[in-house]
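The values are calculated or read from the model by the stated rules, or taken from the named source; none is laboratory data. Quantities reported herein were computed from a predicted structural model and do not represent experimental measurements. Every residue, glycine as well, gets a Cβ built from its backbone with ideal geometry; the counts of neighbours run over all protein chains shown. Each accessible area value is taken on the protein alone, full model and side chains, heavy atoms only, with ligands, DNA and RNA left out. Shrake-Rupley method; radii C 1.70, N 1.55, O 1.52, S 1.80 Å.
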Amino acid sequence: VTACRFALLSGGLSKTDATRFGHRALALLRDDGQGLNIMTYDLLAAQLPTLAVLAAKRQVEVSPDDANAYDTLAEALSYLGDKDAALAAADTAIAREKSPDSRREYQKNRRRYARGAPSPIVAADRRHFERTLVRYRISR
């Protein structure tokens, strides 16, 4: 997963190569719910929302009882601009979540999806990656 993150977020791949690489990474992670979750956000940060939706949908298939999988799908769909589908996935996440704290977070996310507001998670992932490049003196 870490190697995939660096390859996608480094900016060193063309959009076509990044998409090809993303498809290969998804094939490798096809049964890893947590890896698919991470990959979804990395694909969003790499500005590949269609591929991110594929990763999130696969995560839901792999982990159908995991409310977080539906919240991740909602995030990807929202980023793609499919507000109705994002709200439906968010509703599923809220309905499946047992933890009151997580449910409140999903409700907050749902309100953000309804407004069409950008994801603070995707922006934070991108900033974290940029700091990692600097920290380890990795050039693009």
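Taking a straight Cα-Cα cut-off under 28 Å and skipping sequence neighbours fewer than 8 places away in the same chain, the lysines within cross-link reach of Lys15 are Lys57, Lys83. Probing with 1.4 Å while keeping every protein chain in the model, the per residue accessible area of the range 19-68 equals 47 Å².
Figure note: Lys98, Lys83, Lys15 ranked by solvent-accessible area, largest first, 1.4 Å probe, ligands and nucleic acids not counted: Lys98, Lys15, Lys83.
Apolar share of the accessible surface for the range 1-91: 52 percent from carbon plus sulfur atoms, 1.4 Å probe. Near Arg30, once Lys and Arg are set to +1 and Asp and Glu to -1 for all other residues with Cβ below 12 Å from its Cβ, the sum equals 0.
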